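I have placed the structure first, in the form of structure tokens, so that the comments after it can refer back to it.
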Amino acid sequence: MSVTTSSQPSIEDLAAAVRKGDRVALGRAITLIESTRPQDQARARELLKVLRAGTGKAIRIGISGVPGAGKSTLIDQFGVNLIEAGHKVAVLAVDPTSSRTGGSILGDKTRMGRLASLDNAFIRPSPAGSSLGGVTKTTRETIAIVEAAGFDVVLVETVGVGQSETAVSNMVDVFVVVAIPGAGDELQGIKRGLLELADIIAVNKADSDNVERANRAATEYRAALHILASGNTAWQPAVLTMSARDNTGLDTLWEKIGECHRTLTEAGVLDERRADQAAAWMREIFEQRLLAAFKGGRKAARQYQDIEDQVREGALTAAEGADALAELLGLKDPE
């Protein structure tokens, strides 16, 4: 194998290995994507360009929900079922990152033990870092990499807090919200915005003594969705009950995901959704690079820090600080 350095394979060789499903190459490619080093970012862009023709063929499924809803248990059993049915499943599971220490749990391979042991499964736990969306800044590129490696089902699990629901819905085809039965207050534990984003609501833990409460929760979610009325006329969000623990209702979940995917595809909505997602991601990448370029200059970096310190001390409001930064770039408010 030819290499560009003593330790790095050429982009062509790395891409070829990824296409063959080589796990070491796949991990190396994702690590390259996640690197913040300028030289690595340049190589990552080249790699994505080479692999682009082999991407976009998987069903991209977002999994979100409140902590304790059983998302990891669901993904573990769901993934096993899909592999037994002949699919190749990639799981991109993003762990919370401590804002103080920067540490993350990264325990997904432990929580998804059975799935992690299967040859046709690939689990990539990544720390969310400073990303407010509960997904890494490179999750979209990682989706493309695993698609190029031949995985036809991609599951993106988020930390389920903050802006994660919106973030993951902007990079998947079908957005599944995992809910749990409660004591008559199910709707209190889920935000309206999350209901508006959901393509499917799966009430988990419908087992043992929870079956009746799960059915009641499902009824309440259906009523709420009817009141909110989805903005997507091609697909009306579905609500179902299941038990990841007992492996019941997961076949129905897969059927609904497939039905949603086909409906959106036939209506032309899926292509439009992916196009909008690509454009939104372009804007986000540009904004990140614009800020990085601005802070990259030695003088600008000092001024940026000085203005930030003044905002922290209360000498400037946040709006005044933003105005001061804009002035450094020669930007003016539109009249």
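The values are calculated or read from the model by the stated rules, or taken from the named source; none is laboratory data. Just so we're clear, the structure is a prediction, and the values are computed from it rather than from any experiment. No Cβ is skipped: glycine too gets one built from the backbone with ideal geometry, and neighbour counts run over all protein chains shown. Accessible surface is based on the protein model in full, side chains and every heavy atom, while ligands, DNA and RNA are left aside. Shrake-Rupley method; radii C 1.70, N 1.55, O 1.52, S 1.80 Å.
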### Query
Among the residues of segment 273-293, is any modelled with pLDDT of 95 or more, open to solvent by 70 Å² or more (accessible area, probe 1.4 Å) and basic (K, R)?
no
### Message
As an exercise: evaluate A300 against (1) surrounded by 15 or more Cβ atoms within 10 Å (Cβ to Cβ); (2) of a type in the set (A, V, I, L, M, F, W, C); (3) under 22 Å from I180 (Cβ atoms); (4) touching a Leu at 6+ places or on another chain (Cβ under 8 Å) and give the number of the one condition it does not meet.
### Response
(3)
### Query
Out of E313, E327, which single residue is exposed (fewer than 10 other Cβ atoms within 10 Å of the Cβ) and at pLDDT 85 or above?
E313
### Query
If you take the residues in segment 77-102 that are modelled with pLDDT under 95 and among the charged types (D, E, K, R), which one is least open to solvent (accessible area, probe 1.4 Å)?
D95
### Query
Residues of segment 11-26 being open to solvent by less than 40 Å² (accessible area, probe 1.4 Å), closer than 24 Å to L118 by Cβ and of a type outside the set (G, A, S), which ones?
V18, L26
### Query
Are there any pairs with C-beta distances below 6 angstrom linking a residue in segment 290-303 that is at positive phi and β-branched (V, I, T) to a residue that is modelled with pLDDT under 75 and surrounded by 12 or more Cβ atoms within 10 Å (Cβ to Cβ), with the two at least 6 apart or on different chains, and if so which?
none
## Note on the structure
Among (1) modelled with pLDDT of 90 or more; (2) farther than 30 Å from R37 by Cβ; (3) of a type in the set (D, E), E308 falls short only on (2)
### Count of segment 161-185 residues which are modelled with pLDDT under 65 and open to solvent by less than 10 Å² (accessible area, probe 1.4 Å)
1
### Task
Just give me the residues in segment 39-65 being closer than 20 Å to V174 by Cα and either open to solvent by less than 10 Å² (accessible area, probe 1.4 Å) or free of Cβ contacts under 8 Å to residues at least 24 places away in the same chain (or both), in sequence order.
A58, I61, G62, I63, S64, G65
